[in-house]
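The values are calculated or read from the model by the stated rules, or taken from the named source; none is laboratory data. It should be emphasised that the depicted structure is a prediction, and the values quoted were computed from it without experimental measurement. Glycine also receives a Cβ, built like all others from the backbone with ideal geometry; neighbour counts cover every protein chain displayed.
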């Protein structure tokens, strides 16, 4: 039953906490395991790394750090930040995804302690042990944001009969309209860019012709 609780350890602080895999992540992992089998020729065994690189070696944390900005750029949503550092900084990074997850959980009314634990933050009060004492309650809290987190799967088909299916259908229709508008806007911007490029090219040609006439 999704979301599935998993144990995660944040590398930066070496803090072990509870995270969750929702249905989109589960389905993606199932597909990847098939790809992994084709790559290695054998099923994954216990204690083996899940994700392998091209050389069949475990991927490193810096590989993920580089992958997220590249995916954002390919999607056309990446922005470069002004920085005095030698390395170019980007707006969309793996840290930005953590911020996005927490913001989504907060907006959907998830309990604050679950929001903090989901991104690897320690709960301020050491006496607060809701996650350990009431794990199913924590999972139910996280589930409040499932409709926003699962953007690839068919949400309506994954809802129980008691859920407000009409509401989720309306949300899907609204999201589709927004996506359609974004695609149209992106195409409009692309057309404008092509028009600008053509104008610059024509202007250069006129300048070159003017230079030739003055010789």
Legend entry - One residue from 200, 106, 183 being part of a helix (DSSP H, G or I) and modelled with pLDDT under 65: 183
Inset, instruction - For residue 78, indicate whether it is over 30 Å from residue 141 (Cβ atoms), at pLDDT below 80 and under 17 Å from the mean Cα position of the chain (by Cα). - result: yes
Legend entry - Inter-residue pairs, beta-carbon under 6 Å, first within 10 Å of residue 93 (Cβ to Cβ) and in the range 55-73, second in a strand (DSSP E or B) and modelled with pLDDT under 80, 6+ apart: 69/90
Legend entry - Residue list for the range 1-59, restricted to those being touching a helix residue (DSSP H, G or I) at 6+ places or on another chain (Cβ under 8 Å) and surrounded by fewer than 13 Cβ atoms within 10 Å (Cβ to Cβ): 11, 43, 50, 51, 53, 56
